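Novice: Right, I'll just put the structure down here and ask away after.
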Number of protein chains: 4
Amino acid sequence: MLSGRGIEVEEVKAQLKAQEIETPSWGYGNSGTRFGVFKQPGAARDVHERLSDAAQVHKVTGVCPGVALHIPWDKVDDYDALGQEAAELGVCIGAINPNVFQEPEYKLGSFGHRDPAVRRKALDHMYECADIMQQTGSTVLSLWFADGTNYPGQDDIIERKRRFEECLRETHAMLPEGARMLIEYKFFEPAFYHTDIADWGMALNFAIKAGPRAEVLVDLGHHPLSTNIEHLVALLLDEGRMGGFHFNNRKYADDDVTTGSVNLYEVFLIYHEILNAERRGAAAANIAYMIDQSHIIKPKVEAMIQSVLNIQTAYARALLVDRTALAEAQAEDDVVAGEEILRNAYDTDVRPLLAIVRQELGAAADPLGAYRRSGYFERIALERQGELKGAASWG
Amino acid sequence: MLSGRGIEVEEVKAQLKAQEIETPSWGYGNSGTRFGVFKQPGAARDVHERLSDAAQVHKVTGVCPGVALHIPWDKVDDYDALGQEAAELGVCIGAINPNVFQEPEYKLGSFGHRDPAVRRKALDHMYECADIMQQTGSTVLSLWFADGTNYPGQDDIIERKRRFEECLRETHAMLPEGARMLIEYKFFEPAFYHTDIADWGMALNFAIKAGPRAEVLVDLGHHPLSTNIEHLVALLLDEGRMGGFHFNNRKYADDDVTTGSVNLYEVFLIYHEILNAERRGAAAANIAYMIDQSHIIKPKVEAMIQSVLNIQTAYARALLVDRTALAEAQAEDDVVAGEEILRNAYDTDVRPLLAIVRQELGAAADPLGAYRRSGYFERIALERQGELKGAASWG
Amino acid sequence: MLSGRGIEVEEVKAQLKAQEIETPSWGYGNSGTRFGVFKQPGAARDVHERLSDAAQVHKVTGVCPGVALHIPWDKVDDYDALGQEAAELGVCIGAINPNVFQEPEYKLGSFGHRDPAVRRKALDHMYECADIMQQTGSTVLSLWFADGTNYPGQDDIIERKRRFEECLRETHAMLPEGARMLIEYKFFEPAFYHTDIADWGMALNFAIKAGPRAEVLVDLGHHPLSTNIEHLVALLLDEGRMGGFHFNNRKYADDDVTTGSVNLYEVFLIYHEILNAERRGAAAANIAYMIDQSHIIKPKVEAMIQSVLNIQTAYARALLVDRTALAEAQAEDDVVAGEEILRNAYDTDVRPLLAIVRQELGAAADPLGAYRRSGYFERIALERQGELKGAASWG
Amino acid sequence: MLSGRGIEVEEVKAQLKAQEIETPSWGYGNSGTRFGVFKQPGAARDVHERLSDAAQVHKVTGVCPGVALHIPWDKVDDYDALGQEAAELGVCIGAINPNVFQEPEYKLGSFGHRDPAVRRKALDHMYECADIMQQTGSTVLSLWFADGTNYPGQDDIIERKRRFEECLRETHAMLPEGARMLIEYKFFEPAFYHTDIADWGMALNFAIKAGPRAEVLVDLGHHPLSTNIEHLVALLLDEGRMGGFHFNNRKYADDDVTTGSVNLYEVFLIYHEILNAERRGAAAANIAYMIDQSHIIKPKVEAMIQSVLNIQTAYARALLVDRTALAEAQAEDDVVAGEEILRNAYDTDVRPLLAIVRQELGAAADPLGAYRRSGYFERIALERQGELKGAASWG
């Protein structure tokens, strides 16, 4: 059916097979809202259980080999052993995520903190993470800062900016060879007056000052409502600083709900811009596609699989856009035709195509069903009782 | 100076002395964001320490005799003794706030839950709270529900609505004589697809169905951005269902920052509508003015004092509006004059007036300074070490 | 394929054939933003040209027999003749939309205006519209008010509320037998401080006071960002006051862009709630489905066809939801399954089904293509030169 | 009183006397919303009447010598004569504002337009404006673009970006010596899918590429809701690219209501950051302070005076901040004290101080009263009847 529309089906399949989506270790453990944490049966308690869960997602989807780690929650003594453990599970270590927001010293900030001792503590943690990157072969340092202020007058905004510039430069200098750092931004929360890295413009500004291997990380939930995110992505690609994504979705604020559960068309439009950039020769292949979700109501592994399927669906549909026809419509100012061409691709039912792709990858035609039937959840719900000694986590 | 402008200063002072603002027991203990709780020195650990802190706020401001309790965090065996303890501190027990969101059973809702057993559990807790009202003489049951869904298809929205109607009717029936129940609404969080009581319209609809003693509670941070809150307050007053406030402020979402710290003019405009309603004969005097704030960065007691001062300031300025001149401007369609009359009142420096009022009330002319000089904070920071046996709280 | 999934295809087809979407006369003429109006070739200049354009939309889609009129723009001397003209074109007169915002007297309001003479003028216009309803057999009076204030102090909010209550009651009393009035709300614009009917709660409150034949009209673009509209629709249906829709879409404010162009899933979820209500026995069949869009960039008729197709698509997909399976998932608290059931229906490619339905209705399998090939646009672009004597319109 | 608080009153007065706020010629003529234009008695019809009105504002406030022109609405044959006319009225020509959004060719864009002929037309208009700058001695070219798209697929976002970069570079090259260009951004409207210059980050990016004399213009109403504008201003100052302001206020979208009418504290916080930057040595003195408001309900001249007074008030209060004490509070992490220091300045009643400043400037102690008493409005309301030949304007 698709080939009748002039789509090179084999090429589309090849691109879908090459897709990689990294899942986060912290997405498999308990988490919650500020009103409470509801503990789930089978929630992963340490990095080993998290890798095991991530491996399940990869097994049924075939496109999730990487697992992002969060330090210190995923700290181990022997990273060689951890890498081997991952390899045996069929996955590998992905981005390293430092944590400079949880300890009491960071109450008023980390890289933006007034006190040089706190900034030094945060930088020391970065050295530790750079070391873990070296040991695990990770090439991505993924930086999110909770820094900001809650009240006017609390601190000097520009002094904070300059402290950030200095610390980010030092962090850039410690990156292992071949590695890069991604700077995440967030419109608000946990800071409620100003956030030191509040939008893509600030992240880009800091990245440029930090060095050539600093790029911007786009978390889909970190914008003001109704922001045109695909516009920002296109622009960052054109500037050579589009580093990666944190996929999730939101209806209100930073809800962290399943990617595509509110508006999958938005994810499709983002992929459309990425494919546009690739056609222009942008280094789009270098984007780190990562999920960042924290499920409170849904079972963790199922929710992760759902997200992966949604992202795959959006990508597959974007691959079906007839770009030649689109360019023609645009050249004739035919707004209706231009939109219809996108919608025709988006309205296509790609489930049969994706089932074939997954089977050819050795994964499951119906990943959610396969996972449910596997008995994995029943097993971990039974096995994972009590707390593990030495385990660290979110909540 | 004011009397020169035709203001009856003594009347204004009398109204300011009659003002009462209730502070919440949970505002004196530790709390946080979903990213973590930063423990504060001297944070209150149980209801006794909370009453003590609340008494400090009343002591220096003179307008905060009431203390709202949160059940089960503030549960005691002997409420007579608790009332006496409060009285000795110069304060009294205010609104009773049930908690039907924290226990695991409430993961998918309380009054809206599909399972009758969960609804029964929530109703049993309401009976318990009604009983505590009887014992403490509290006349306000303050209801907030975390109920909602995170995904389309999770539950049937209308079935949930009907469950709420039924449970709220039963709650109304259990109110002690002379007491009323306030129904709070919230636009979103912790639910991220739909919230069962999402706006004032839903709260009013539920209140009407519950019975004559059910009213609406307006939390200043629970609206979509740029909502005209004073409009809603005016309307609810005109409908006879304006029950009370939860004061706080927000710049982004439900930030729970100091009342008036983002835009005090909004609080002034709310008081202006209340005073308008009083002139029309509405039962405005029956509004429960309560603070609901959770301070993460600021010391708890200081932040509470600041909030009280801001609310006082807004009220004092609203009392200075020349309502006769305003009515004249409106009768002549003089939009500029109408606004200037409000602004003239708002631009007045009421600090000297408030200092006098406070002194005449036996409180402090400079409440923040007096509190800081009192040594209270140093004392509790020293004394309140470790956890108290049997103490319950937010985090 | 669908029947294999247990869907009663013939029933679905019957429901799709019974669907009716009214298009607005004012959607076929020139309009613009406050920055300017770009005149389009072939834009309809009077009611006759507007009916002709609407007939084209109905001809190719088969589901748009009704045409909403705007008074005074569509005023004629002989409504019998107008009805006959419509009938000959294959369409009929739909809702009557009064205009109480354009004349200079309405600068500070209509039903909310301080001056009884202005309110009387607005009421006289309502009598005129009720008379036109009688003559045209229209059963829907569709009320939108631009009333509000731009500054605090400009007018008394509660006095305005009471004036509205009185005028709406009088309007209700003048409704022809069998007719009803729909009260539209809007969060903001053109008023920028307060809007007299700002949300569904105010519209419902006014409707209840006006009388049993007053209902609420939901315009999809008139809410705060991220409002859960399907929740409001479900609630209004349950209260028996859901009167009708103004379909359009928005990304930012009241953008009036093509329905479904930003997020078609939202339209699907709205239809899902309507079908839920129908299953409960609600009078959902009585909803007036109307488009309210003002296209600036796209050709008018094409944009209207696109919108109709999108609405049809959303409805068709909602009809495919497996409601039995959904109820089962909800009964087991299976959040993932509940969502997947909705998504399975939504991800279905309904274009082949809709093509068959349209052909069986005698319309076009490919409405946009058929319209483009018909030569209609080329003809009107040529014929409609200059201004028509006595023609009135938006800009 | 102030001097008692350690404020150098004479220095504050000197700074207040040095303040300059430019008013816009288009702010004195008729304008409206997309729902209609309400013509005001006495509304200025051509550039001569606009200059006369602007001179009234300067006469009573003493701080508004500059008048921004909008080309082509303010085009004249003889700019020398216009300059002389302005000088005789006591004012002078300020920023030049090109218009590349009103003519039919610009329907799909100007600098971003696909068609090189349209971009050339827009650039030709820029040459014309640069020529007018030369003739009038204006040193500011103030650029706002309505460019964007309404639908996905309408145009190629990145091609548009590159066209903008090229055209802005050419515009930079044509700037008269000593002049600069300010690039304005806007979150949305009139474009409703993407806006080519949507935020400060894009404006800065374009400015950097255009050249050293390109800076960013901040319009207070052009941000997503709850954006921390003072943060952006501080950052742009630190980057040396803060070019100027368009003052106005909004509660909802780009409402263009009186500056400070919704939240004057925000304007105060912006001035606070500017003063912080000045203390650091930033070229803050080079900011162009301009009003951009379009009054629909209020009489034009009165509304402009009100805005000027509000801006003055915010500036005066910011000058009263005790910066030494603030730095001390920040050095001690005393969040409450830091905020209180700002609030102490903001709560000061600066009306007496401003009255003295104005009188010493030869303006009116009570500008609004003086204007109302002057009889100017009654005269223009009488004189300005009918349309002027050759006059161009907004609506």
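Novice: Please state which of the following conditions residue C:197 fails to meet, knowing it meets all the rest: (1) in a loop (DSSP other than H, G, I, E, B); (2) within 16 Å of residue B:198 (Cβ to Cβ); (3) more than 7 Å from every other protein chain (Cβ to nearest Cβ); (4) among the aliphatic types (A, V, I, L, M).
Specialist: Here residue C:197 clears every test but (2).
Novice: More than 9 Å from every other protein chain (Cβ to nearest Cβ), assigned to a loop (DSSP other than H, G, I, E, B) and open to solvent by 10 Å² or more (accessible area, probe 1.4 Å), is that true of residue D:190? Quick ask: steps written out before the conclusion?
Specialist: Values: more than 9 Å from every other protein chain (Cβ to nearest Cβ): no; assigned to a loop (DSSP other than H, G, I, E, B): yes; open to solvent by 10 Å² or more (accessible area, probe 1.4 Å): yes.
When the stated conditions are applied, residue D:190 does not pass them.
Novice: Name the single residue, out of those in segment A:24-38 being in contact with a helix residue (DSSP H, G or I) (Cβ under 9 Å, 6 or more places away or on another chain) and at the interface with chain B (Cβ under 7 Å from one of its Cβ atoms), that is nearest to residue A:54 (Cα to Cα).
Specialist: A:38
Novice: Considering only segment B:236-266, state which residues are touching an Asp or Glu at 6+ places or on another chain (Cβ under 9 Å) and away from chain A (no Cβ under 14 Å).
Specialist: Scanning segment B:236-266 gives B:236, B:237, B:240, B:241, B:242, B:243, B:244, B:245, B:246, B:247, B:266.
Novice: While we're on this one: Can you find, within segment D:350-389, the residue that is nearest to the other protein chains (Cβ to nearest Cβ) among those that are open to solvent by less than 80 Å² (accessible area, probe 1.4 Å), touching a residue at least 12 places away in the same chain (Cβ under 8 Å) and part of a loop (DSSP other than H, G, I, E, B)?
Specialist: D:350
Novice: Right, here's the next one. Could you please find all residues in segment A:162-187 being away from chain D (no Cβ under 14 Å), open to solvent by 10 Å² or more (accessible area, probe 1.4 Å), under 19 Å from residue A:120 (Cα atoms) and not in a loop (DSSP other than H, G, I, E, B)?
Specialist: A:169, A:170, A:172, A:173
Novice: Which numbered condition trips up residue C:23, out of (1) open to solvent by 10 Å² or more (accessible area, probe 1.4 Å); (2) assigned to a strand (DSSP E or B)?
Specialist: Among (1) open to solvent by 10 Å² or more (accessible area, probe 1.4 Å); (2) assigned to a strand (DSSP E or B), residue C:23 violates only (1).
Novice: Right, here's the next one. Checking residue D:216 against (1) within 16 Å of the chain's Cα centre (by Cα); (2) farther than 22 Å from residue A:195 by Cα; (3) not small (Gly, Ala, Ser), which test does it fail?
Specialist: (2)
Novice: While we're looking at this one, here's another question. Enumerate the pairs (first residue in segment D:131-159 and at pLDDT 95 or above; second residue anywhere and open to solvent by 20 Å² or more (accessible area, probe 1.4 Å) and in a strand (DSSP E or B)) with beta-carbon separation below 6 Å, excluding pairs fewer than 6 apart on the same chain, so at least 6 apart or on different chains.
Specialist: Filtered contacts from segment D:131-159: D:136/D:93; D:138/D:93.
Novice: Would you point out which residue out of D:39, D:59 is charged (D, E, K, R), over 25 Å from residue D:199 (Cα atoms) and in contact (Cβ under 8 Å) with a residue 24 or more places away in the chain? Quick ask: steps written out before the conclusion?
Specialist: Numbers: D:39 fails: in contact (Cβ under 8 Å) with a residue 24 or more places away in the chain.
Among D:39, D:59, only D:59 is charged (D, E, K, R), over 25 Å from residue D:199 (Cα atoms) and in contact (Cβ under 8 Å) with a residue 24 or more places away in the chain.
Novice: Kindly indicate the residue of segment C:248-306 that is among the charged types (D, E, K, R) and over 20 Å from residue A:338 (Cβ atoms) and also nearest to the chain's Cα centre (by Cα) among those meeting that condition. If you could, list the steps in order and put the result at the bottom.
Specialist: Going residue by residue through segment C:248-306, those that are among the charged types (D, E, K, R) are C:250-251, C:254-256, C:266, C:273, C:278-280, C:292, C:298, C:300, C:302.
Narrowing further to those that are over 20 Å from residue A:338 (Cβ atoms): C:254, C:266, C:273, C:278-280, C:292.
On the way: C:254: 14, C:266: 16, C:273: 18, C:278: 20, C:279: 23, C:280: 24, C:292: 5 Å.
This residue is C:292.
Novice: Separate question: Does residue A:225 fit the bill of being modelled with pLDDT of 95 or more, in a loop (DSSP other than H, G, I, E, B) and out of contact with any Gly (no Cβ under 9 Å at 6 or more places or on another chain)? Lay out the reasoning, then the answer.
Specialist: Working: modelled with pLDDT of 95 or more: yes; in a loop (DSSP other than H, G, I, E, B): yes; out of contact with any Gly (no Cβ under 9 Å at 6 or more places or on another chain): yes.
It is true that residue A:225 is modelled with pLDDT of 95 or more, in a loop (DSSP other than H, G, I, E, B) and out of contact with any Gly (no Cβ under 9 Å at 6 or more places or on another chain).
Novice: Condition (residue is among the acidic types (Asp, Glu), more than 18 Å from residue D:181 (Cα to Cα) and open to solvent by 10 Å² or more (accessible area, probe 1.4 Å)) applied to segment D:223-237: is it met by at least one residue? Give the steps one after another, and end with the answer.
Specialist: Pass one, segment D:223-237, residues among the acidic types (Asp, Glu): D:230.
Narrowing further to those that are more than 18 Å from residue D:181 (Cα to Cα): D:230.
Next, from what is left, pick out any that are open to solvent by 10 Å² or more (accessible area, probe 1.4 Å): none.
Checking segment D:223-237: not a single residue is among the acidic types (Asp, Glu), more than 18 Å from residue D:181 (Cα to Cα) and open to solvent by 10 Å² or more (accessible area, probe 1.4 Å).
Novice: Can you report the number of residues in segment C:101-137 which are within 16 Å of residue C:169 (Cβ to Cβ) and either among the polar types (S, T, N, Q) or not in a helix (DSSP H, G or I) (or both)?
Specialist: Qualifying residue count for the region: 3.
Novice: Take the residues in segment B:47-86 that are of a type in the set (D, E, K, R) and closer than 27 Å to residue B:373 by Cβ; name whichever of them is surrounded by the most Cβ atoms within 10 Å (Cβ to Cβ). Even if it seems obvious, please write down each step before you answer.
Specialist: Keep residues of segment B:47-86 that are of a type in the set (D, E, K, R), which gives B:49-50, B:53, B:59, B:74-75, B:77-78, B:80, B:85.
Still in the list and also closer than 27 Å to residue B:373 by Cβ: B:49-50, B:53, B:59, B:85.
Values: B:49: 20, B:50: 27, B:53: 25, B:59: 20, B:85: 18.
Here the answer is B:50.
Novice: Just name the residue that is nearest to the other protein chains (Cβ to nearest Cβ) out of those in segment B:313-339 that are without any contact (Cβ under 8 Å) to a residue 40 or more places away in the chain, in contact with a helix residue (DSSP H, G or I) (Cβ under 7 Å, 6 or more places away or on another chain) and not β-branched (Val, Ile, Thr). It would help to see each step written out before you state the result.
Specialist: In the first step, residues of segment B:313-339 are kept if they are without any contact (Cβ under 8 Å) to a residue 40 or more places away in the chain; the result is B:324-339.
From the residues that got through so far, the ones that are in contact with a helix residue (DSSP H, G or I) (Cβ under 7 Å, 6 or more places away or on another chain) too are B:325-326, B:329-330, B:333, B:336-338.
From what is left, the residues that are not β-branched (Val, Ile, Thr) are B:325-326, B:329-330, B:333, B:337-338.
Numbers: B:325: 10, B:326: 6, B:329: 7, B:330: 6, B:333: 6, B:337: 8, B:338: 3 Å.
For segment B:313-339, the residue satisfying everything is B:338.
Novice: Still on this model: Would you point out the residue of segment A:101-111, among those that are more than 17 Å from residue D:334 (Cβ to Cβ) and within 14 Å of chain B (Cβ to nearest Cβ), that is surrounded by the most Cβ atoms within 10 Å (Cβ to Cβ)? Please lay out each step first, then the result.
Specialist: Of segment A:101-111, the ones more than 17 Å from residue D:334 (Cβ to Cβ) are A:101-106, A:110-111.
Okay, now just the ones that are also within 14 Å of chain B (Cβ to nearest Cβ), so A:101-106, A:110.
Details: A:101: 18, A:102: 16, A:103: 16, A:104: 10, A:105: 16, A:106: 23, A:110: 26.
Per the stated criteria, the residue is A:110.
Novice: Something else: Condition first: part of a loop (DSSP other than H, G, I, E, B) and either out of contact with any strand residue (DSSP E or B) (no Cβ under 6 Å at 6 or more places or on another chain) or without any contact (Cβ under 8 Å) to a residue 12 or more places away in the chain (or both). Now tell me which residues in segment C:89-98 satisfy that. Spell out how you get there, then give the answer.
Specialist: The initial filter retains those residues of segment C:89-98 that are part of a loop (DSSP other than H, G, I, E, B), namely C:90-91.
Listed by number, the list holds a single entry, C:90.
Novice: Give the residue that is surrounded by the fewest Cβ atoms within 10 Å (Cβ to Cβ), with candidates limited to residues of segment C:209-222 that are in contact with a helix residue (DSSP H, G or I) (Cβ under 7 Å, 6 or more places away or on another chain) and in a loop (DSSP other than H, G, I, E, B).
Specialist: First, pick out the residues of segment C:209-222 that are in contact with a helix residue (DSSP H, G or I) (Cβ under 7 Å, 6 or more places away or on another chain): C:209-211, C:213-216, C:218, C:220.
Subset that is in a loop (DSSP other than H, G, I, E, B): C:211, C:213, C:220.
Numbers: C:211: 15, C:213: 17, C:220: 23.
Only one residue tops the list, namely C:211.
Novice: Let me ask something additional. Say whether the condition of being more than 11 Å from chain A (Cβ to nearest Cβ) and more than 21 Å from residue D:288 (Cβ to Cβ) is met by at least one residue in segment D:202-213. Steps first, answer last, please.
Specialist: Residues of segment D:202-213 that are more than 11 Å from chain A (Cβ to nearest Cβ), as a first pass: D:207, D:210-213.
Checking which are more than 21 Å from residue D:288 (Cβ to Cβ) leaves us with none.
Among the residues of segment D:202-213, not one is more than 11 Å from chain A (Cβ to nearest Cβ) and more than 21 Å from residue D:288 (Cβ to Cβ), which makes the answer no.
Novice: Tally time: how many residues in segment C:39-75 are away from chain D (no Cβ under 14 Å) and closer than 15 Å to residue C:290 by Cβ?
Specialist: Step one: filter segment C:39-75 for residues away from chain D (no Cβ under 14 Å), giving C:42, C:44-69, C:71, C:74-75.
Those left that are additionally closer than 15 Å to residue C:290 by Cβ: C:50, C:54, C:57-58, C:61, C:63-69, C:74.
Total satisfying the criteria: 13.
The values are calculated or read from the model by the stated rules, or taken from the named source; none is laboratory data. What you see is a predicted model, and the numbers here were worked out from it, not measured in a lab. Neighbour counts run over all protein chains shown; Cβ positions are idealised from the backbone, glycine included. For the accessible areas, the whole protein counts, side chains as well, though only heavy atoms, and no ligand, DNA or RNA atoms are used. Shrake-Rupley method; radii C 1.70, N 1.55, O 1.52, S 1.80 Å.
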